[in-house]
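Engineer: Questions regarding the structure given below will be posed in turn.
The values are calculated or read from the model by the stated rules, or taken from the named source; none is laboratory data. Computed from a predicted model, the values in this text were never measured in an experiment. Ideal geometry is used to build each Cβ from the backbone, glycine not excepted, and the neighbour counts take in all protein chains shown.
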Amino acid sequence: MGVTLNNLSSYNSAMKINYGETIIFFKFGADWCIPCVELDKVLVNIPNSMIYHISIENEEFESYLTDNKIYTVPDTIVKYKDQTIRFQGMRTTEQIMKIIEDLKSTVA
């Protein structure tokens with residue numbers, strides 16, 4: 001489950017929001033990508049989190065993908081307060097919880 005972002009303006013607006021204690025995942029992927037689908041199954045079970053889906057096939061994001069070197073999917077940005085961490089590929093629940101723990105430790 002999650003919200004699909006269909007344009008760069010929506011993405012930029014969502015990145016600026018202060019979600020408080022909620023963990024936000026911005027997942028770049030595609031419906032045909034098996035690791036993307038498998039990662040969704042993990043992300044939906046992370047407590048106190050929200051997922052934004054961004055399709056790499058959406059031409060609106062073409063220059064953003066190139067500028068940010070997003071060449072492999074899934075590519076996920078994890079946001080907590082004003083901090084972000086990015087990872088590529090599939091991760092287990094334990095690995096994602098460690099990423100979140102590390103991200104939270106950077107927030108003053």
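Engineer: Under 9 Å between Cβ atoms, which residue pairs at least 6 apart in sequence (or on different chains) link something in segment 7-27 that is of a type in the set (D, E) with a partner that is outside any loop (DSSP other than H, G, I, E, B)?
Structural biologist: Here the result reads E21/Y80, each pair linking segment 7-27 to a residue that is outside any loop (DSSP other than H, G, I, E, B).
Engineer: Being out of contact with any helix residue (DSSP H, G or I) (no Cβ under 9 Å at 6 or more places or on another chain) and either of a type in the set (G, A, S) or over 18 Å from N45 (Cα atoms) (or both) is the filter here, so list the residues in segment 78-102 that pass it.
Structural biologist: Within segment 78-102, D82, R86, Q88, D102 meet the criteria.
Engineer: If the Cβ limit is 8 Å and pairs must be 6+ apart or interchain, which residue in segment 89-100 that is farther than 14 Å from P74 by Cα pairs with which residue that is among the β-branched types (V, I, T) and part of a loop (DSSP other than H, G, I, E, B)?
Structural biologist: T93/I46; M97/I46; I100/I46
Engineer: Just to be sure before I move on: is F87 crowded, with 17+ Cβ neighbours inside 10 Å and aromatic (F, W, Y) in the structure I sent?
Structural biologist: Values: crowded, with 17+ Cβ neighbours inside 10 Å: no; aromatic (F, W, Y): yes.
No: the conditions fail for F87.
Engineer: With the checklist (1) over 18 Å from Y52 (Cβ atoms); (2) surrounded by 13 or more Cβ atoms within 10 Å (Cβ to Cβ) in hand, flag the one item D75 doesn't pass.
Structural biologist: So the condition that D75 fails would be (1).
Engineer: In segment 30-49, which residue that is farther than 21 Å from E94 by Cα and touching a residue at least 24 places away in the same chain (Cβ under 8 Å) is surrounded by the fewest Cβ atoms within 10 Å (Cβ to Cβ)?
Structural biologist: Ranking the qualifying residues of segment 30-49, first place goes to D31.
Engineer: Moving to a separate point now. For H53, which of the numbered conditions (1) in contact (Cβ under 8 Å) with a residue 40 or more places away in the chain; (2) surrounded by fewer than 19 Cβ atoms within 10 Å (Cβ to Cβ) fails to hold?
Structural biologist: (2)
Engineer: Okay, moving on. Please find, within segment 90-103, the residue that is surrounded by the most Cβ atoms within 10 Å (Cβ to Cβ) out of those that are assigned to a helix (DSSP H, G or I) and either in contact with a strand residue (DSSP E or B) (Cβ under 6 Å, 6 or more places away or on another chain) or among the β-branched types (V, I, T) (or both).
Structural biologist: First, pick out the residues of segment 90-103 that are assigned to a helix (DSSP H, G or I): 93-103.
Narrowing further to those that are either in contact with a strand residue (DSSP E or B) (Cβ under 6 Å, 6 or more places away or on another chain) or among the β-branched types (V, I, T) (or both): 93, 96, 99-100, 103.
Details: T93: 12, I96: 21, I99: 19, I100: 19, L103: 17.
The residue in question is I96.
Engineer: Let me ask you something else. Determine whether V3 is within 13 Å of the chain's Cα centre (by Cα) and surrounded by fewer than 19 Cβ atoms within 10 Å (Cβ to Cβ).
Structural biologist: For V3, the condition - within 13 Å of the chain's Cα centre (by Cα) and surrounded by fewer than 19 Cβ atoms within 10 Å (Cβ to Cβ) - is met.
Engineer: While we're here: Assess whether K27 counts as being farther than 18 Å from K104 by Cβ, surrounded by 15 or more Cβ atoms within 10 Å (Cβ to Cβ) and at pLDDT 95 or above.
Structural biologist: For K27, the condition - farther than 18 Å from K104 by Cβ, surrounded by 15 or more Cβ atoms within 10 Å (Cβ to Cβ) and at pLDDT 95 or above - is met.
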